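> Just passing along the structure, written as structure tokens.
The values are calculated or read from the model by the stated rules, or taken from the named source; none is laboratory data. Keep in mind that this is a model prediction, so the values were computed, not measured. All Cβ positions, even for glycine, are placed from backbone atoms using ideal geometry, and neighbour counts span all protein chains on display. Quick note on the areas: whole protein, heavy atoms, side chains included, nothing else; ligands and nucleic acids left out. Shrake-Rupley method; radii C 1.70, N 1.55, O 1.52, S 1.80 Å.
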Amino acid sequence: MNKFDWSVIRRSLILAIVVSVFSGAACTASYYFFADTRQEYTRSMAMLQGARDQYIELVERTKIYAEYARPFTALRRHGIIGKENRLTWLEALQSANDKLSLPLMQYKISAQEPYPEEVLGFDFPDIYVSQTAMDLDLTLFHEGDLFVIFDRLKKHSKGMSLIDNCSIEPIQNINLDEMDLSRGVLQARCKLYWIQVALTRPEP
């Protein structure tokens with residue numbers, strides 16, 4: 001083999017070696033680039049899934065808010081949620097008596113106390129349900145007067161009232177020949193409970 005032929009082969013070998021080195025380096029770089037790209041893709045997909053989950057949760061919360069916000073606002077507007085407003089109860093009773101002019105309307109309001117949990121049927125730590133008893137002693141002209149009173153309490157007072165019991169008896173010792181209707185003919189005794197819902201337990 002002459003000198004010319006060896007130089008050609010040497011250049012070819014050197015070129016082949018250089019190409020092999022660059023090819024190996026390119027393959028190695030491509031592997032690490034692919035690995036980094038795959039990790040970045042995995043992180044991006046995880047972030048995308050997290051964002052999707054948060055969006056779904058936000059949509060569900062929005063639906064729940066839209067479903068319960070209006071009834072909650074209505075309960076709060078009617079005074080069922082929040083602090084009890086006894087003044088409106090008395091004003092409603094006075095309004096009824098202004099219309100009926102009953103011979104006797106007496107009331108007694110007891111202290112507020114917790115609503116029995118066994119009757120309530122649930123126990124939520126963030127919700128406090130209370131009840132306040134009201135006793136009514138009335139002299140009526142006829143039974144329909146009671147409906148007027150209860151209607152005024154329902155429409156013109158804040159809170160929710162539940163009628164526990166009522167008793168109506170004719171006034172004793174009435175002489176039908178000498179009956180004075182202006183003094184009333186029936187004696188009624190009723191017990192009501194005012195139900196109040198608070199989002200925080202009231203201070204004693």
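> Would you be able to tell me the number of residues in the range 74-102 that are open to solvent by 60 Å² or more (accessible area, probe 1.4 Å), more than 25 Å from the chain's Cα centre (by Cα) and not aliphatic (A, V, I, L, M)?
Residues flagged as open to solvent by 60 Å² or more (accessible area, probe 1.4 Å), more than 25 Å from the chain's Cα centre (by Cα) and not aliphatic (A, V, I, L, M) within the range 74-102 amount to 5.
> Shifting gears a bit: Consider the range 148-204. How many of its residues are of a type in the set (Ser, Thr, Tyr), within 24 Å of the chain's Cα centre (by Cα) and at pLDDT below 75?
Result for the range 148-204: 1.
> Considering only residues that are modelled with pLDDT of 85 or more and of a type in the set (Ser, Thr, Tyr), which ones fall in the range 72-97?
Answer for the range 72-97, where residues must be modelled with pLDDT of 85 or more and of a type in the set (Ser, Thr, Tyr): Thr88, Ser95.
> Another one. Provide a single number: the residues in the range 132-165 that are surrounded by fewer than 16 Cβ atoms within 10 Å (Cβ to Cβ), part of a loop (DSSP other than H, G, I, E, B) and among the charged types (D, E, K, R).
Looking only at that region, the number is 1.
> Are any residues in the range 100-124 at pLDDT below 90, assigned to a loop (DSSP other than H, G, I, E, B) and hydrophobic (A, V, I, L, M, F, W, C), and if so, which ones?
Phe122, Phe124
> Please work out if Ala69 is modelled with pLDDT under 75, part of a helix (DSSP H, G or I) and under 30 Å from Asp151 (Cβ atoms).
Details: modelled with pLDDT under 75: yes; part of a helix (DSSP H, G or I): yes; under 30 Å from Asp151 (Cβ atoms): yes.
In short, yes.
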